[in-house]
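Report on one structure; see the data block that follows.
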Amino acid sequence: MASSNPKTVLVVGGGTFGTSTAYHLSLKPQTYSHITVLDRFPVPSKEAAGNDINKVIRNDYADPLYARLTTEAMALWADPQGLYKGLYHRSGWLLGAAESSKEFVDQSAVTARKLGLVVAEPVTADEIHKRWPVFTGEMDGWSTVWNPSAGWANARGALTQLALAAQRSGVQYIDGPQGHVVQLLYNESGRCVGAKAADGSAYFADIVVLAAGAAAAALLDFKGQLVAKGHTVGHMHCSPAELEKYGNMPIIAHLEGGLLFPPQEDGILKFGAMAFVTNFEGKDLSLPRYRSDNKEDGVPKPIETQMRNWLRECMPELADRDWFETRLCWDADTPDLHFLIDKHPSYPGLHLAVGGSAHGFKMMPVIGKYVVDSLEDVLEAEAKDKWRWRPGAKLQHANPHPSPLLELSEIPGFQRSSRKL
């Protein structure tokens, strides 16, 4: 696609997909020029799903495509001289499941074996208690595996590092009202030619990449392909003694219960729910309800109850502790949990990079490269088929998150939104 007239590019959204795309575009200056990222918030984008204190980095996947991509990404996460130096921690993880989620764990082991990856091995509750005495809960009914190859990354730090690298390569970031995109712009023939911001500013480019995450469906009709889902996370403080006590623990997760990380160096311990919320508010479209616009929002009570009950199953001493900070982290899921990375079938000039589906961040070091491949029509066949524009798609593999969705607007305290997208 290289030419004597490089293409100008607008990237709408400075989260995981948008930042990775901008960075990888900037590596091809003979092909792309004047790359601009528009986002409501400065780096690291405040409400981006990837702007979190940490994220799991693992290659346990039922689908071989994502097992391969995460393995590729993990090599970059762990590179001691790379962009993410000091931000990745290979702690291993314990992954539990019940009957409805066990299929995903079993299929992931089959995939790992076929690809020659580290295979998660079954481990009993007694074995867990002996090896990691900090896990004092009974873990009754858990079917658990151990994978030492998994770990976690400082997500906020990594997103920031990648954005700074993109800027060093010439990418321009615009934030605030002048970066808050409220409308995509089209010419008379239906070609997408740019974007309009909240302050009235208009930006134009040869290519527009929509990478607005959970908010993307406010800018484009996705024909039911995106559903914004909120993932509850909470933080608690550890004392110096607790930091030493818990410092060497692995990540522990249960696909129907919760997720608990080792404490960071600053003593913050993060945990998350596996039950997600939607925000339809009586409409046919779920869009995020950001804390930025709803500052009094806390944790949905049913989610808090479930999270505390889950903590009692593995680390009961933490179950009733105060949470000094909480967040609903919004991502956009597709019905089949595959990404949506494709040219729009009806609007030339518009390319899509959305649908992280609660598992996109771990591929941040490489996903932008595949977005660029898609732009250039050289994306590998398997990814092209799975990531194409596909209204009506259904889940074709085991669901790693089988818990029922809760509708946020039906939970007391969340009936009214001042949403500003």
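The values are calculated or read from the model by the stated rules, or taken from the named source; none is laboratory data. Keep in mind that this is a model prediction, so the values were computed, not measured. Here Cβ is always computed from backbone atoms with ideal geometry, including for glycine, and neighbour counts include all displayed protein chains.
Here are the numbers for the structure shown:
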{"quantity": "Candidate set: the stretch 69-86, residues that are surrounded by fewer than 20 Cβ atoms within 10 Å (Cβ to Cβ) and in contact with a helix residue (DSSP H, G or I) (Cβ under 7 Å, 6 or more places away or on another chain); chosen: the one nearest to residue 359 (Cα to Cα)", "calculated": "72"}
{"quantity": "Qualifying residue in the stretch 175-185 (condition: among the β-branched types (Val, Ile, Thr), surrounded by 15 or more Cβ atoms within 10 Å (Cβ to Cβ) and over 17 Å from residue 262 (Cβ atoms))", "calculated": "yes"}
{"quantity": "Of residues in the stretch 379-395 being in contact with a helix residue (DSSP H, G or I) (Cβ under 9 Å, 6 or more places away or on another chain) and part of a loop (DSSP other than H, G, I, E, B), the one surrounded by the most Cβ atoms within 10 Å (Cβ to Cβ)", "calculated": "387"}
{"quantity": "Residue under evaluation residue 293, criteria (1) touching a Leu at 6+ places or on another chain (Cβ under 6 Å); (2) surrounded by fewer than 24 Cβ atoms within 10 Å (Cβ to Cβ), criterion not met", "calculated": "(1)"}
{"quantity": "Within the stretch 348-358, tally of residues that are crowded, with 19+ Cβ neighbours inside 10 Å and either out of contact with any Asp or Glu (no Cβ under 9 Å at 6 or more places or on another chain) or not in a loop (DSSP other than H, G, I, E, B) (or both)", "calculated": "5"}
{"quantity": "Yes/no for residue 56 being touching a residue at least 40 places away in the same chain (Cβ under 8 Å) and assigned to a loop (DSSP other than H, G, I, E, B)", "calculated": "no"}
{"quantity": "Filter result for the condition that a residue is of a type in the set (Lys, Arg) and part of a loop (DSSP other than H, G, I, E, B), over 114, 102, 130, 85", "calculated": "85"}
{"quantity": "Single match in 149, 108 (criterion: under 30 Å from residue 263 (Cβ atoms), in a loop (DSSP other than H, G, I, E, B) and out of contact with any helix residue (DSSP H, G or I) (no Cβ under 6 Å at 6 or more places or on another chain))", "calculated": "149"}
{"quantity": "Residue list for the stretch 268-284, filter: assigned to a loop (DSSP other than H, G, I, E, B), at pLDDT below 95 and in contact with a helix residue (DSSP H, G or I) (Cβ under 9 Å, 6 or more places away or on another chain)", "calculated": "281, 282"}
{"quantity": "Qualifying residue in the stretch 315-326 (condition: in a strand (DSSP E or B) and either more than 18 Å from residue 219 (Cβ to Cβ) or touching a residue at least 40 places away in the same chain (Cβ under 8 Å) (or both))", "calculated": "yes"}
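Here's the yes/no breakdown for (1) within 24 Å of residue 41 (Cα to Cα); (2) within 19 Å of the chain's Cα centre (by Cα):
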residue: 244; (1), (2): no, no
residue: 258; (1), (2): no, yes
residue: 263; (1), (2): no, no
residue: 282; (1), (2): no, no
residue: 285; (1), (2): yes, no
residue: 289; (1), (2): yes, yes
residue: 315; (1), (2): no, no
